[in-house]
Amino acid sequence: MRFDLDGMPVHFPYAAIYPEQHAYMGELKRALDARGHALLEMPTGTGKTAALISLITSYSLANPSRPLRLIYCTRTVHEMEKTLAELRLLFDHLPPAASRSLLALGLSSRKNLCVHPQASAAAARDSVDTACRRLTASWVREKAASDPESTPLCEFYETFDRAAAGGDLASLMPPGVYTLADLRALGRQRRVCPYFLARQMVKYANVVVYSYQYLLDPKVASIVSREMQKECVIVFDEAHNIDNVCIEALSVSIRKQTLEGAERNLRRISQEIDRFKATDANRLRAEYNRLVDGLAQRGNLPISDAWLANPALPDDILKEAVPGNIRRAEHFLAVLRRLVRFLDGRLDTENVENEMPVAFVASIHSQAGIDQKMLRFCYDRLHSLMMTLEITDTDEFMHIQTICDFATLIGTYTRGFSIIIEPYDERMPDIRDPVIQLSCHDASLAIRPVFDRFETVVITSGTLSPIDLYPRLLNFNPVISRSFTMSLTRDCICPMVLTRGSDQLPVSTKFDMRSDPGVVRNYGRLLLEMASAVPDGIVCFFVSYSYMDGIVNSWHEMGILQDIMQHKLVFIETPDVVETTLALDNYRKACDCGRGAVFFSVARGKVAEGIDFDRHYGRLVIMFGVPFQYTLSRILLARLEYLRETFQIKEGDFLTFDALLLTELSIYMLIKMGSHFLAFGHVVVQLKRYSRHDKRSKLPGWILSHLHDAHLNLSTDMALHIAREFLRRMAQPYDKTGSGGKKTLLTEEDLQNMAEDVMEM
């Protein structure tokens, strides 16, 4: 369909549109007009992706003097593929002249794009990267030119290199939409490397879909995204945990194994230096001269030689000369050895230590003789040395890379970080496992370059409430900040808050009550009653693995688990990825065949973030308590202190925000689907704290609109009665066009009538 939005023609790939999609597009257009950032929350299943790509593409076509490029960032490859599928559908509905001139593609790692038979067979991502460098590095190709028989090359990369040298890449990738599978098929068909082709073509594509890390992780962003123009529109989809992604990009952990591996790496590098001194000393002298002129003067590397960039250094620092005492390769290795010995000594502690970067750098200087400037240049100096030594097995040098990453970060930042040294994990005090953790507390450090560089950045998700906290956490000022509701043809969500068992005893996961036999028994009786009444799949979320293990063991001893299995099969998430994947597959099979199943999961586990329990896979979600973070974690305590002092965010506000976000995600997964007409489910949220107004008010509006006062402070038998009534109501026929005279789907004619009404007003 095609309709006008504030005088601008919009091309939309479906015959009808939800009212919230139309309103969402209107707010997005205002952000583009204002050339500012936007923070938009819209419930799942309402078509955020279709609304986003339709509006931004239509805006670009309607304003040829301001051609916009869309950079769409997703969390997972699965979400990337879904976005590209929506783009293909949209391109089919664009005017022929426009669709023939637009290029959209996805970009992922070599692991997901490589088509070389031997390189792509490696199991790990780092192993694929290393296998690729062995075949494509510039010095490998130079050697192959003189000795082609004994030096294998990648024919796919050679085809790409010839096309790039001849300026003929566009002929290899005509306009259209290319998913990762399409890129691999194109690579096999034309015998060209799809990874490097996609890397090069992102400069010219109208729409690029890739991972968050390609913009937020500075080590990757400066390699992949450095040529993106200011006019690009950046979209972070499913961005409810974007602050954690930013923090993880700038955090480093060092253990004993890391230091032992770094020592092995240094011995190997020393051997390579000795070999080059004997065979090609000129290369080391040439590198020394380049470093005198500064790291920025090392020239443009071939695309196949590009390595992870510096995690922190701005361009002006890269123009400085590298400190004289680390220019010579052997001197730099001596500095790294002293740094490794210093860190090893700091790990030999019996007490927990917490230092700021300034104090830690001062102790390095006094004990190891390494100043701040030397630390700041460590990462790039290592990169330069490994290039000079022609090292392709970069996956074997991950330990020394981690050390240099750590050194550069503490040498660059003075605020927003803490160095926390712990001799053991508090939850397992009998097992000594010392660790040095460089913990970033300020999410804005990673995302600030994105806000400063691009005119419009859109942060969107189905769960951003309370929405006013994100501008403070990320330190930016959106011109548009809005939360949308969901138009439903019927009330297909039924949240409830249960605070008492059938025996009227209170139930809670508070630490002093969670192990009480009466509480555990009431939890089990609730699940048993629900399993007997609710068809298909039930998902239960616990606050931690240890709590889940304890309560499941107690249910087994009480015989409750055996009673539950009379109605449904039981599957459990574990920290092991393979076991959890197998359990999920069997859970889905049990739901598909009509047997029904219960899946026990952890609110902060992998299943909670990445798996959708839509349709019959999630008829009921039970949250056993509020999933607060481990509040004795020293990293969390340090971050809370920093947020309080820097952004005036209270500890309780942040902890509540983080815990309720996971509660929202449980409901989010329950109803995530292609059309929010088709599924139904209900949620039982256990704990009296959800009945309090200060906690409840922080939930999104689309959840609050279904959380009635009569569904608060329930007992088990009352919750069971409401669930049965809800299921009976969902089984009845209903009007799919809308109820109460309010349409939940708008056609082109409806939009025209709305526009005419606005004109008359």
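If you go through segment 228-281 and keep only what is under 30 Å from L52 (Cβ atoms), at pLDDT below 90 and open to solvent by 60 Å² or more (accessible area, probe 1.4 Å), you end up with Q229, K230, E231. Among the residues of segment 260-282, those that are farther than 24 Å from M398 by Cα and assigned to a helix (DSSP H, G or I) comprise K277, A278, T279, A281, N282. Residue pairs whose Cβ atoms lie under 7 Å apart, separated by 6 or more positions or on different chains, with the first residue in segment 536-551 and assigned by the TED database to the domain that holds H616 and the second of a type in the set (K, R), are D536/R619; G537/R619; I538/K568; I538/R619; Y547/R514. Evaluation of Y214 against the conditions (1) touching a residue at least 40 places away in the same chain (Cβ under 8 Å); (2) touching a Leu at 6+ places or on another chain (Cβ under 6 Å) shows that the sole unmet condition is (2). Among residues of segment 394-409 that are farther than 17 Å from P357 by Cβ, those with a beta-carbon under 6 Å from a residue that is in a helix (DSSP H, G or I) and hydrophobic (A, V, I, L, M, F, W, C) at least six positions away or on a different chain give the pairs H399/A262; I400/A262. Contact map, segment 350-375: residues that are assigned by the TED database to the domain that holds D430 and of a type outside the set (A, V, I, L, M) paired with residues that are assigned to a loop (DSSP other than H, G, I, E, B) and open to solvent by 40 Å² or more (accessible area, probe 1.4 Å), Cβ distance under 7 Å, separation 6+ or inter-chain. Pairs shown: P357/Y413; P357/T414; H365/D371.
For L498, the conditions (1) of a type outside the set (V, I, T); (2) surrounded by 18 or more Cβ atoms within 10 Å (Cβ to Cβ); (3) in the same structural domain as S705 (by the TED database); (4) assigned to a loop (DSSP other than H, G, I, E, B) are fulfilled apart from (4).
Among the residues of segment 536-555, some residue qualifies, meaning at least one is surrounded by 18 or more Cβ atoms within 10 Å (Cβ to Cβ) and among the acidic types (D, E). Among residues of segment 56-71 being closer than 13 Å to M8 by Cα and among the polar types (S, T, N, Q), the one that is most open to solvent (accessible area, probe 1.4 Å) is N63. Being more than 27 Å from the chain's Cα centre (by Cα), surrounded by fewer than 23 Cβ atoms within 10 Å (Cβ to Cβ) and not assigned by the TED database to the domain that holds Q648 is a condition met by no residue of segment 442-451. Counting residues in segment 208-227 that are at pLDDT below 90, polar (S, T, N, Q), assigned by the TED database to the domain that holds C132 and farther than 27 Å from K29 by Cβ gives zero.
Among the residues of this structure, S120 counts as one that is among the hydroxyl-bearing types (S, T, Y), in a helix (DSSP H, G or I) and buried (at least 16 other Cβ atoms within 10 Å of the Cβ).
Give the residue, chosen from I493, I480, that is in contact with an Asp or Glu (Cβ under 8 Å, 6 or more places away or on another chain) and either surrounded by fewer than 21 Cβ atoms within 10 Å (Cβ to Cβ) or β-branched (V, I, T) (or both). Just one listed residue meets the conditions, I480.
If the condition is being under 24 Å from the mean Cα position of the chain (by Cα), open to solvent by 40 Å² or more (accessible area, probe 1.4 Å) and at pLDDT 90 or above, then segment 578-634 contributes E579, L582, D585.
Scanning segment 1-28 for residues that are assigned to a loop (DSSP other than H, G, I, E, B), modelled with pLDDT of 90 or more and buried (at least 23 other Cβ atoms within 10 Å of the Cβ) gives a single hit, F12.
Find the helices (runs of 4 or more DSSP H) located wholly in segment 339-413 whose residues include 3 or more that are within 21 Å of I635 (Cβ to Cβ) and open to solvent by less than 20 Å² (accessible area, probe 1.4 Å), and list them.
Output list reads 357-368, 398-412.
The values are calculated or read from the model by the stated rules, or taken from the named source; none is laboratory data. Please read all numbers here as calculations on a predicted model, not as lab measurements. In this analysis, Cβ positions are derived from the backbone assuming ideal geometry, glycine residues included, and neighbour counts consider all displayed protein chains. Each accessible area value is taken on the protein alone, full model and side chains, heavy atoms only, with ligands, DNA and RNA left out. Shrake-Rupley method; radii C 1.70, N 1.55, O 1.52, S 1.80 Å.
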